[in-house]
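Report on the following structure.
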Amino acid sequence: MTPAPPPAASAAPLAIETSSLTKSFGRQRAVADVDLAVPAGSVYGFLGPNGSGKTSTIRMLLGLTSATSGDIRVLGGAMPDRARDVLPRVGALVEGPAFYPFLSGRANLHRLDSADRTAPAATRTARVDAALDRVGLGHAASKKAHAYSLGMKQRLGIANALLMPRDLLVLDEPSNGLDPQGTREVRTLIRSLADEGTTVFVSSHLLAEVEQMCTHIGVMSAGRLLTQGTLDDLRALGTHRVRLLTPDPDDARVVLRRLGLAPEARVRPTDRPESTAAELVEADLVGDGPSPEAVVAALVAADVRVRGFEVTGASLEERFVDLTGEGFDVAG
Amino acid sequence: MSPAEPVPAPQADGLRRRGTGLSLLRSEVVVLFGRVRTIALLGALALIPVLLAIAVRVTTDDASGGSSGGPAFLGDITRNGLFVSLTALTVAIPLFLPLTVGVVAGDTIAGEAGLGTLRYLLVSPVGRVRLLLVKFAGAALFCLAGTLVLVVFGAIAGAALFPVGPVTLLSGQTIGYGDYALRMLMMALYVTLSLLGLSAVGLFISTLTSVPVGAMAATIVLSTVAQIVDALPQLDFLDPWLFTHYWLGFADLLRDPVSWANFADNALLQGGYILVFGALAFGRFTTKDILS
């Protein structure tokens, strides 16, 4: 087969890996040089505003559209060349659910399951019913799909992705159209699937949603992957400040300077009366500078009386607004 | 992050066993023929011989004797009700049959694309070639069903309203019911075969769009254009290449010995259309970006 892909940052094998993935429509580049690295076993939140290229990327991952340039490997197989072997192990919800309106929910799943040659016909009825129960549609299985609400269709779409045991789930905006309770159920479902070892790649334009269920995040904007990594990595990015409350501000500043920090000169007494004798010293923590723990240890070692110590950082939400610009729908 | 489980290579997964793939064909047949629209189309086709028989019965009560003009075999109906099937085929093949076939063939891929189910079928995954083959098989089965509906309902309506008896062939001999049933089946197959070229054209057009109505209309328009060209003496040189050219040739099966020339030429022509438009559909569909 093709030579091994370039080593990823983490040692874990990658469930999805793209290199320089690009999709152009005419002169417009919908996806530009995207290098996704989705570790196996992760819940990867693919975050970005509407129209940032998430669905275009997903279409290429699943072999629905061809990439203008770049390579894709899904579950170790090159796409779209190995689609026959790869796709049976992938469950997908792409750009909203779609069904035959004149068929019942159950008949719709039967139909789509029969398209997969690796799905045994003998267990079809049992698997369809199990998938319907898993998304809470058991009672509405005989209803025609055109009578389904948007939320029910969304559930049916997720049920379709669960018809067979999957190694990877690709869910494009899975909680679109769901009420808060439905959203919570989807979140629980995704977590339980992840616990079973399924890698979940879930796209969303809602930061709050992604933050609650994902281990990894990739942020798309205007066709580019701006950043990706674990949720903790991304939280750690950006500027943090130490805020120190001490009666010995001058000594504290000396210590901070020695550690390579740049404490601000201005002195601000706190409002609290019992700490009138104390002053607030603030300094930005630089990326490769000392850890907050080391700062405290150094302060204590220098006999600076520490009454309060706090690290403040930009919230994840602020980080994303920084990355994607204003207008990004971050509100839940 | 928790240590990830290794992803088994597709080979190590033991390549899930592949079924025969007949499930999809069965599902296609169930979905196609279970659909209200298909049943309505077949119902409309069934009405043709029934209304025809009733009309002939009502008008011949007062004006007896063979009618002059009108479709072939119309005058024979009063003598033998079994000719209703033949008359119905003759009436239906220029317009009604191509209309229904155009609806079904034009809907094949474009209909799935319009609903959005195409992307889910492809992700399932159904191979694109397999989907084309199954869709064409479904359309071909519809051609057969439509033709059989005309023949069977024609025979029933004819037997109900007119006397039936041994059939006199165009070449003068008389044959019994068994032989006649066999010949009617052959004629149904001939008409089905005649419609396969149109089905292939419809399948190809259907891969070009995600608006099924457009593909249906274009297919139906093409069948009409082909018949007009066939009828224009100035364009005679085109005639042998038109998929409509042998459409009315089924009457040759009512001679003894049977003249197979039309059957063979028709089969060759329809086969050519299936190959050419099947290849076009293949070329288009296997490289198409599915954006619907």
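The values are calculated or read from the model by the stated rules, or taken from the named source; none is laboratory data. If you're wondering where the values come from, they're calculated on a predicted model, not measured in any experiment. As a convention, Cβ positions derive from the backbone with ideal geometry for all residues, glycine included, and neighbour counts pool all protein chains shown.
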### Query
What about A:Asp284, is it among the acidic types (Asp, Glu), modelled with pLDDT under 85, in contact with a strand residue (DSSP E or B) (Cβ under 9 Å, 6 or more places away or on another chain) and outside any helix (DSSP H, G or I)?
yes
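Restricting to segment A:55-102, give me the number of residues that are aliphatic (A, V, I, L, M), closer than 17 Å to A:Leu163 by Cβ and under 23 Å from the mean Cα position of the chain (by Cα).
Of the residues in segment A:55-102, 7 are aliphatic (A, V, I, L, M), closer than 17 Å to A:Leu163 by Cβ and under 23 Å from the mean Cα position of the chain (by Cα).
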### Query
Taking segment A:66-107, which residues are polar (S, T, N, Q) and either more than 7 Å from chain B (Cβ to nearest Cβ) or on the phi > 0 side of the Ramachandran plot (or both)?
A:Thr68, A:Ser69, A:Ser104
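Residues A:Pro263, A:Pro247: which one is buried (at least 16 other Cβ atoms within 10 Å of the Cβ) and either farther than 30 Å from A:Asp116 by Cβ or at pLDDT below 85 (or both)? Full working, then the answer.
Numbers: A:Pro247 fails: buried (at least 16 other Cβ atoms within 10 Å of the Cβ).
A:Pro263 is the lone residue from the list that is buried (at least 16 other Cβ atoms within 10 Å of the Cβ) and either farther than 30 Å from A:Asp116 by Cβ or at pLDDT below 85 (or both).
Within segment A:28-50, track down each residue that is within 14 Å of chain B (Cβ to nearest Cβ) and either in contact (Cβ under 8 Å) with a residue 24 or more places away in the chain or in a loop (DSSP other than H, G, I, E, B) (or both).
Of segment A:28-50, the ones within 14 Å of chain B (Cβ to nearest Cβ) are A:28, A:30-31, A:37-45.
The answer is A:Ala30, A:Val31, A:Ala37, A:Val38, A:Pro39, A:Ala40, A:Gly41, A:Ser42, A:Val43, A:Tyr44, A:Gly45.
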### Residue list for segment B:113-127, restricted to those being touching a Lys or Arg at 6+ places or on another chain (Cβ under 8 Å) and either more than 9 Å from chain A (Cβ to nearest Cβ) or on the phi > 0 side of the Ramachandran plot (or both)
none
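Those residues that are of a type in the set (A, V, I, L, M, F, W, C), farther than 30 Å from B:Val84 by Cβ and either buried (at least 20 other Cβ atoms within 10 Å of the Cβ) or in contact with a Phe, Trp or Tyr (Cβ under 8 Å, 6 or more places away or on another chain) (or both), I need them from segment B:202-217; list them, please. Reasoning before the result, please.
Filtering segment B:202-217 for residues of a type in the set (A, V, I, L, M, F, W, C) gives B:203-205, B:208, B:211, B:213, B:215-217.
Next cut, farther than 30 Å from B:Val84 by Cβ only: B:203-205, B:208, B:211, B:213, B:215, B:217.
B:Leu203, B:Phe204, B:Ile205, B:Ala215 - these are the residues of segment B:202-217 that are of a type in the set (A, V, I, L, M, F, W, C), farther than 30 Å from B:Val84 by Cβ and either buried (at least 20 other Cβ atoms within 10 Å of the Cβ) or in contact with a Phe, Trp or Tyr (Cβ under 8 Å, 6 or more places away or on another chain) (or both).
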### Query
Got a number for residues in segment A:290-323 being under 34 Å from the mean Cα position of the chain (by Cα) and part of a helix (DSSP H, G or I)?
13
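Please specify each residue of segment A:214-233 satisfying the condition of being buried (at least 22 other Cβ atoms within 10 Å of the Cβ) and within 13 Å of the chain's Cα centre (by Cα). If you could, list the steps in order and put the result at the bottom.
Of all residues in segment A:214-233, those buried (at least 22 other Cβ atoms within 10 Å of the Cβ) come to A:214, A:216-220, A:223, A:225, A:228.
Those that are buried (at least 22 other Cβ atoms within 10 Å of the Cβ) and within 13 Å of the chain's Cα centre (by Cα): A:Cys214, A:His216, A:Ile217, A:Gly218, A:Val219, A:Met220, A:Leu225, A:Gln228.
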### Query
Considering segment A:139-165 alone, what residues qualify as being under 30 Å from the mean Cα position of the chain (by Cα), part of a helix (DSSP H, G or I) and surrounded by fewer than 16 Cβ atoms within 10 Å (Cβ to Cβ)?
A:Leu150
### Query
Which pairs have Cβ atoms under 6 Å, sit 6 or more apart or on different chains, and link a residue in segment A:108-128 that is closer than 19 Å to A:Val90 by Cβ and at the interface with chain B (Cβ under 8 Å from one of its Cβ atoms) to one that is basic (Lys, Arg) and outside any helix (DSSP H, G or I)?
A:Arg117/B:Arg18; A:Thr118/B:Arg16; A:Thr118/B:Arg18
